Amino acid sequence: MRGPGPADPAERSVWMPTDDVCARSRLLTAMAKWGYRGLAELHRASVDEPEWFWRAAVEDLGVEFAEPFERVLDDSAGTPFPRWFPGGRLNLATLCAHRHATGPIADKTAVVYEGDGGTRRALTYAELDAEVRRFAAHLAALGVSRGDRVVLFVPVVPEAVVAFLACAMIGAISVPAFTGYGPEALAARLRDSGAVALITADATTRRGKVVPLKQTADEALLSAPSVRHSVVVRHLDNGVEMRDGRDVYWDELPADPEPVPTVSLESNDPLTIVYTSGTTGRPKGIVHSHAGFAVKTAVDFGYSFDVHEDDVIAWISDMGWLVGPMLIAGGLQFGATVVFTEGVPDHPTPTRMWEIIDRNGVTVQGVAPTAMRLVMARTEGAPTGLRTLRSFVSTGEAWDEPTWRWLFETVGGAQRPIVNFSGGTEVGGGLLVAYPFLPIDPASFNAPLIGADVAVLDGDGKPVTGEVGELAVLNTFPGMTHAFWQDRERYLETYWNRWEDVWVHGDLAAVDERGVWRIHGRSDDTIKVSGRRVGPAEIEAALLKDRRVVEAAVIGEPDPQRGQRVVAFVVVGDGTDHDDLKAAAIHHIGRSFAPTLHVVQALPKTKNGKIMRRAIRARYLGLSQGDLSSLDPATPIDAIPTRSGDHQ
């Protein structure tokens, strides 16, 4: 089987590539060098001849191995468990920091932090490397060693980049965690990863309001006994409580620790565990390796976004989502400047994003549809100060066409392409892209990522055109997860159990006869709020931390601003006062996933006691409920209110 290839020029295309865009394209340059006449031909070769393609891409993109790999792919353990570049040795810290610390870009700005309240801090490549080496030495002095897990519950300050690369340098495994999590969500990741250390901050801000990270971390650590040390970045300097023997301020670590060497790691040694939520059970620990993540981010940033050394890439991001690690690995490999933007694009001013572009000379700006809807609602006319901007990159969720057109036409003046990009944490980056050197239709993609054999499959597992089906991957490529952390069976069940040797991604998609692709939302029960995925089971578990809650069920409700919002239905104990139930829920879950809360008498279940989430969702949204023959009559569906009903 092979999925459709890149799109052909079409009458709906509103972006038509210009000569300068084509001349800058790394992929077009490589294609000509390799002797291919068109992208479709090259894409077929990248899928059919992985041994040739990935070796050629590694060389072309400058992913340097300290020791050469024996071959590109070893799939002797089966398709779901490939080993990429076996025998090769490298370290991401070398690719992103060490090799740039001397020479022509040593004094160039590497990392910029733009704070929620207007604070700006920066490090050059030489400074970044010195800080990475220093903090790696501190981690080693604290007893952190190769293979140990270190959770990063920290804002996107420069210390976050330093910590991520310092972990890589000594062979420890970083575990980024979203700063909007409540104590239980953080504790779940600390426990599941078996973390020995935590990097956090005293606090941060979101829309100008203080977010007490250290307080949240302290509560989480009560149920995470494996953590021996907590290093605290003095960010707001708001005088948090420090526990002797466990907590130490980052700035109070010794100035000159005993240096430690950079560990030479095998290609498939783990680099980071990025947790994402599934529909059932605990969060999924997505394992990425040094070589796989380095190569995938190089391909995505180099061939999709056309990032070069002269670029300045800005993104509103958080270390807990894949964009944070991607920005580090993808941007810094190429010697570009990366601008981490904390918070939201319309605070403290509706024009904040344009001001950051102007102040930093941004050439590539990362955006999300939800964020752009917020900005569009609060601004009028075309912004100024975008003289350096070359393109937008969009991730996280599907576009609505009016917002896409506003960004392209009003903001970008129809002169800057929107490089739409969709994939996920599990694949280390993208599956579909809107290449800027091809025509682009509104709110769509024009090709699969190079090296990825992507298709839309019907219920029988056959590729289809012109209808909505399951987004699937028919091969494997570097950057796909090396299973889930300590849970190979769940990994197989999640992605590989529907059709033999086919990765089912969990998104609904369609591709038309012209090769134009669109995403139509999740095909499972996962909820996506402002591009952030969360599983119903994880929120239900957090709700059940409140002893008043007897049962809970969570669904996603369409929302024009955020994509979806969380809706929770709970059964409480008899005679329970539940006036502050929502406040308690927010405490356990985190404000980013604050639910609309309904107290109900019972939750509809099957006769064997399974909560019927999809029936609950259909009832609440007024959709067809389908076959209810398995419903237990003792738990009627009528107990669920419709959307117009009362809620907290």
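The values are calculated or read from the model by the stated rules, or taken from the named source; none is laboratory data. Only a predicted model underlies this, so the values are computations on that prediction, with no experimental measurement involved. So basically every Cβ, Gly included, is an ideal-geometry build from the backbone, and we count neighbours across all protein chains shown.
Before moving on, here are some points about what is shown:
- Residue within the stretch 197-204 that is within 24 Å of the chain's Cα centre (by Cα), among the aliphatic types (A, V, I, L, M) and over 27 Å from Glu114 (Cα atoms) present: no
- Flag for Asp441 being surrounded by fewer than 24 Cβ atoms within 10 Å (Cβ to Cβ), at negative phi, free of Cβ contacts under 8 Å to residues at least 12 places away in the same chain and out of contact with any helix residue (DSSP H, G or I) (no Cβ under 9 Å at 6 or more places or on another chain): no
- The stretch 443-460, subset part of a loop (DSSP other than H, G, I, E, B) and modelled with pLDDT of 95 or more, residue nearest to Ala414 (Cα to Cα): Ser444
- For the stretch 478-487, the count of residues that are over 29 Å from Leu271 (Cα atoms), β-branched (Val, Ile, Thr) and touching a residue at least 40 places away in the same chain (Cβ under 8 Å) is zero.
- Count of the stretch 242-263 residues which are touching a strand residue (DSSP E or B) at 6+ places or on another chain (Cβ under 6 Å) and outside any strand (DSSP E or B): 2
- Hits in the stretch 305-332 (condition: under 27 Å from Leu190 (Cβ atoms), part of a loop (DSSP other than H, G, I, E, B) and not aromatic (Phe, Trp, Tyr)): Ser317, Asp318, Met319, Gly320, Leu322
- Put simply, of Asp256, Asp306, Asp300 the only residue that is under 14 Å from the mean Cα position of the chain (by Cα) and either β-branched (Val, Ile, Thr) or more than 23 Å from Gly147 (Cα to Cα) (or both) is Asp300.
- Any hit, the stretch 80-95, residues being at pLDDT 95 or above, closer than 23 Å to His235 by Cβ and not in a strand (DSSP E or B): no
- Filtering the stretch 127-156 to residues that are surrounded by 21 or more Cβ atoms within 10 Å (Cβ to Cβ), assigned to a loop (DSSP other than H, G, I, E, B) and out of contact with any Asp or Glu (no Cβ under 9 Å at 6 or more places or on another chain) leaves Val144, Asp148, Val154.
- Conditions (1) of a type in the set (Gly, Ala, Ser); (2) part of a helix (DSSP H, G or I); (3) free of Cβ contacts under 8 Å to residues at least 40 places away in the same chain; number of the one not met by Ser230: (2)
- Any hit, the stretch 257-264, residues being charged (D, E, K, R), out of contact with any Pro (no Cβ under 9 Å at 6 or more places or on another chain) and touching a residue at least 12 places away in the same chain (Cβ under 8 Å): yes
- Some residue of the stretch 373-391 being crowded, with 21+ Cβ neighbours inside 10 Å and touching a Leu at 6+ places or on another chain (Cβ under 8 Å): no
- Test: residue in the stretch 533-547 that is modelled with pLDDT of 85 or more and surrounded by fewer than 21 Cβ atoms within 10 Å (Cβ to Cβ): no
- A count restricted to the stretch 204-222 and to residues that are assigned to a loop (DSSP other than H, G, I, E, B) and either of a type outside the set (Gly, Ala, Ser) or buried (at least 22 other Cβ atoms within 10 Å of the Cβ) (or both) stands at 3.
- Residue count for the stretch 90-126 satisfying the condition of being within 22 Å of Val58 (Cα to Cα), crowded, with 22+ Cβ neighbours inside 10 Å and not polar (S, T, N, Q): 7.
Residues are listed down the side, and each one gets a yes or a no for (1) charged (D, E, K, R); (2) modelled with pLDDT of 95 or more; (3) under 28 Å from the mean Cα position of the chain (by Cα):
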residue: Gly3; (1), (2), (3): no, no, yes
residue: Ser25; (1), (2), (3): no, yes, yes
residue: Leu28; (1), (2), (3): no, yes, yes
residue: Arg37; (1), (2), (3): yes, no, no
residue: Pro50; (1), (2), (3): no, yes, yes
residue: Trp54; (1), (2), (3): no, yes, yes
residue: Asp74; (1), (2), (3): yes, yes, yes
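- Residue that is farthest from Ser264 (Cα to Cα), among those in the stretch 287-322 that are among the hydrophobic types (A, V, I, L, M, F, W, C) and surrounded by fewer than 24 Cβ atoms within 10 Å (Cβ to Cβ): Ile316
- Verdict on Ala329 being of a type outside the set (Val, Ile, Thr), closer than 19 Å to Gly412 by Cα and touching a residue at least 60 places away in the same chain (Cβ under 8 Å): no
- Every residue from the stretch 418-441 that is assigned to a loop (DSSP other than H, G, I, E, B), over 23 Å from Gly292 (Cα atoms) and either aliphatic (A, V, I, L, M) or at pLDDT below 95 (or both): Leu438
- Selected residue [farther than 30 Å from Gly88 by Cβ and part of a strand (DSSP E or B)] from Lys545, Lys528: Lys528
- A Cβ distance below 6 Å, combined with a sequence gap of six or more or placement on separate chains, defines the contacts here; from the stretch 357-369, residues that are farther than 17 Å from Ala336 by Cβ reach residues that are of a type in the set (Phe, Trp, Tyr) in the pairs Val367/Phe392; Pro369/Trp399.
- Of all residue pairs spaced 6 or more apart or on separate chains, those with beta-carbon atoms under 8 Å, a first member in the stretch 581-605 that is without any contact (Cβ under 8 Å) to a residue 40 or more places away in the chain and small (Gly, Ala, Ser) and a second member that is crowded, with 21+ Cβ neighbours inside 10 Å and part of a helix (DSSP H, G or I) are Ala594/Ala585.
- Sub-7 Å Cβ pairs linking a first residue in the stretch 47-66 that is more than 18 Å from Glu266 (Cα to Cα) and of a type in the set (Ser, Thr, Tyr) to a second residue that is part of a loop (DSSP other than H, G, I, E, B) and at pLDDT 95 or above, at least 6 apart or interchain, number zero.
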